[in-house]
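This report concerns only the one structure given below.
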Amino acid sequence: MDFDLTEEQSILKDSIERLLADNYGFEQRKKYMASPEGWSAEMWRSYAEMGLMALPFAEADGGIGGGPVETMIVMEALGCALALEPYLPTVVLGGGFLRLGGSAAQKAEFIPGIVGGSRKLAFAQAERHSRYDLHHVETTARRDGSAYVLSGAKGVVLHGDSADTLVVTARTAGGTRDEGGIGVFLVDANAAGVSRQGYVMQDGLRAAEILLDGVRVGTDAVLGDPEGGLSLVRRVVDQAIAALAAEAVGVMSAMHALTLDYIKVRKQFGVPIGAFQVLQHKAVDIYVALEQARSITLYATMMADSDDAAERQRAMHAAKVEIGRGGRLAGENAIQLHGGVGMTMEYAIGHYFKRMTMIDLTFGDHDHHLRALGEAGSLFAA
């Protein structure tokens, strides 16, 4: 199987890596994080001008017609730069819901704003007791004539404080943990009854706690079937997991490069510490973990568009298991090889490890997906 990038994909990779190398140094990132939004509006405009927002959308909808490979290229570069902008929630998650579940009218209303960089989306799914279960939904959507009334609370909504539109899961029928009766709604983030409390997470990215208190939306705000939205949610989240795996490869690549540079220049007993064989072994362990993560990410990327839900989900379970395991090993070894300085805020390596940890926790950690993969039997169906 040919894993080489096409000429267009290679140009995309070179372009975004050059943009981030020129504008996303560690000190620049600190300035972006200190801004009111917690990320760079200027970089966001640059992404839009480069066409990154348009990548996954069909040409008929104003996009470029890219696929999971193009998303993988972008997310890996963003991970390597430790970028703060809301690309995952807006383009991958929000855009995924519109691409896969949006009506023609919804696509026409929302996609041009995403492509142009003027509209940001956030996926409001997690709740206080839901943990990693996508079907655990307590938020309700009660039908009231020609509208739905949404009530409930959502937590850890990635970039929910700066989003213009929220993609909200809410229960239209059934019990709290039923797989049926779940709808997906497009909600104006500034609508009456919506309150948001933003905060900075451990990795520097922003999130929000969101309260929905009798928020009214029309039937035109429903994405797909108002009682059968779980399959759409699972498909979009699977694609987001593949994108997160690519971001993790970028993070691990940066950790490996930073660690190699450090052990080449840090001296002990008059020689670089990289001369000691035991430290060389740890550096090799980071490299092996990186290459294993890259391999499973390629597989997850290949499977991201699969119509076979069971096979696709097994691939994402495996990707999260390997990314979680390998990312932790790489991060712990990188911190140890840096010594005490690796624990300080002034060195980048600790920030990369924090992001790697948060990637592991997003949409289910290593243990959650290992258990799910075991329940599914194996990576490949018998």
Does E42 satisfy the criteria of being part of a loop (DSSP other than H, G, I, E, B) and not hydrophobic (A, V, I, L, M, F, W, C)?
no
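Residues checked against (1) within 20 Å of D238 (Cβ to Cβ); (2) loosely packed, with under 14 Cβ neighbours inside 10 Å; (3) in contact with a helix residue (DSSP H, G or I) (Cβ under 6 Å, 6 or more places away or on another chain):
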site	(1), (2), (3)
K13	no, no, yes
E17	no, no, yes
Q28	no, no, no
P56	yes, no, yes
D61	no, no, yes
G102	yes, no, no
So which of G214, G174 ends up being surrounded by fewer than 16 Cβ atoms within 10 Å (Cβ to Cβ) and not in a loop (DSSP other than H, G, I, E, B)?
G214
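Please verify whether A257 is part of a helix (DSSP H, G or I), in the same structural domain as K320 (by TED's automatic domain parsing), closer than 27 Å to W39 by Cβ and in contact with a Ser or Thr (Cβ under 7 Å, 6 or more places away or on another chain), treating the condition exactly as stated.
On the way: part of a helix (DSSP H, G or I): yes; in the same structural domain as K320 (by TED's automatic domain parsing): yes; closer than 27 Å to W39 by Cβ: yes; in contact with a Ser or Thr (Cβ under 7 Å, 6 or more places away or on another chain): no.
In short, no.
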Checking L166 against (1) among the aliphatic types (A, V, I, L, M); (2) in contact with a helix residue (DSSP H, G or I) (Cβ under 7 Å, 6 or more places away or on another chain); (3) crowded, with 20+ Cβ neighbours inside 10 Å, which single condition isn't satisfied?
(2)
Given the residues A173, A245, A147, A207, which is the only one that is touching a Lys or Arg at 6+ places or on another chain (Cβ under 9 Å) and not assigned by TED's automatic domain parsing to the domain that holds R312?
A147
Taking region 313-370 and keeping residues out of contact with any His (no Cβ under 9 Å at 6 or more places or on another chain), of a type in the set (D, E), within 20 Å of A254 (Cα to Cα) and at pLDDT 95 or above leaves E332
Taking the residues in region 254-287 that are of a type in the set (V, I, T), over 30 Å from R314 (Cβ atoms) and surrounded by 15 or more Cβ atoms within 10 Å (Cβ to Cβ) as candidates, determine which candidate is farthest from the chain's Cα centre (by Cα).
I273
If you scan region 288-345, which residues turn out to be buried (at least 21 other Cβ atoms within 10 Å of the Cβ) and part of a loop (DSSP other than H, G, I, E, B)?
A304
Residue in region 130-151 that is among the charged types (D, E, K, R), crowded, with 19+ Cβ neighbours inside 10 Å and in contact with a Gly (Cβ under 9 Å, 6 or more places away or on another chain) present:
no
Quick check, is G65 over 15 Å from L20 (Cβ atoms), surrounded by fewer than 24 Cβ atoms within 10 Å (Cβ to Cβ), touching a strand residue (DSSP E or B) at 6+ places or on another chain (Cβ under 8 Å) and not assigned by TED's automatic domain parsing to the domain that holds D203?
no
Might you let me know whether region 112-123 holds any residue that is free of Cβ contacts under 8 Å to residues at least 60 places away in the same chain, within 27 Å of G67 (Cα to Cα) and part of a helix (DSSP H, G or I)?
yes
Using the structure shown, decide if R371 is touching a residue at least 24 places away in the same chain (Cβ under 8 Å) and not assigned by TED's automatic domain parsing to the domain that holds C80.
no
Among the residues in region 327-340, are any among the basic types (K, R) and within 19 Å of the chain's Cα centre (by Cα)?
yes
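The values are calculated or read from the model by the stated rules, or taken from the named source; none is laboratory data. Every value quoted in this text rests on a predicted model; they were computed, and no experiment measured them. Quick reminder, even Gly has a Cβ in these numbers, built from the backbone with ideal geometry, and neighbours come from all protein chains shown.
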